[in-house]
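Below is the structure I would like to discuss, written out as structure tokens.
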Amino acid sequence: MADGTEDRHWSRTRSLMWIMFVLWLLFSFVVHFFVDSLNQITFLGFPLGFYMAAQGSLIAFVIMLFVFAARQDAIDREEGQAEDI
């Protein structure tokens, strides 16, 4: 594999990882710091801060896992790094 292709692959992988890390920080810490403000809004009959602490963040994490896996697979295939089974 050419060195430029490897550099581009890792650059894209690193960018994806940082995006997912920032989203993880957002849903695991930032949302919970503003729970009092979010409780002024209701979602499905529950205060939004309570909902995000109880279920919303967990749902976001599961969605993030699927998005990360799909995007990483696309990056691997585009850069010729896919592991076909």
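Quick check for me: using +1 on Lys/Arg Cβ and -1 on Asp/Glu Cβ, what's the dipole size of the chain about its Cα centre, in debye to the nearest 20?
Result for the chain is approximately 420 debye, rounded to the nearest 20.
Using Cα pairs under 8 angstrom and six or more residues apart, how large is the relative contact order of the chain, in percent?
Once divided by the residue count of the chain, the mean separation gives 35 percent.
Moving on to the next point. With the crude spin-label approximation of a point 7 Å out along Cα→Cβ, what separation in nm comes out for A54 versus L25?
2.9
Also: Return E83, E6 ranked ascending by Cβ neighbour count within 10 Å, so the fewest neighbours appear first.
Arranged by neighbour count, lowest to highest, E83, E6 become E83, E6.
Another question, then. Under 5 Å between amide hydrogens, which residues at least 5 positions from F43 or on another chain qualify, with H placed 1.01 Å from N in the peptide plane?
L48
How far apart, in nm, are the 7 Å Cα→Cβ label points at W10 and V62?
The answer from the label model is 3.6 nm.
A further question on this structure: Whole-Hz ³J(HN,Hα) for each residue in region 57-68, computed from phi via Karplus 6.51 cos²θ - 1.76 cosθ + 1.60 with θ = phi - 60°, x for glycine and proline: what do you get?
5, 5, 5, 4, 5, 5, 4, 4, 4, 5, 5, 4
What's the ranking of 8-16, 49-57, 36-44 by average number of surrounding C-beta atoms within 10 Å, highest first?
Per-residue mean Cβ counts within 10 Å order the peptides as 49-57, 8-16, 36-44.
Rule-based calculations on the coordinates, nothing more; no lab input. What you are looking at is a predicted structure, and each value in this text was computed from that prediction instead of being measured. In this analysis, Cβ positions are derived from the backbone assuming ideal geometry, glycine residues included, and neighbour counts consider all displayed protein chains.
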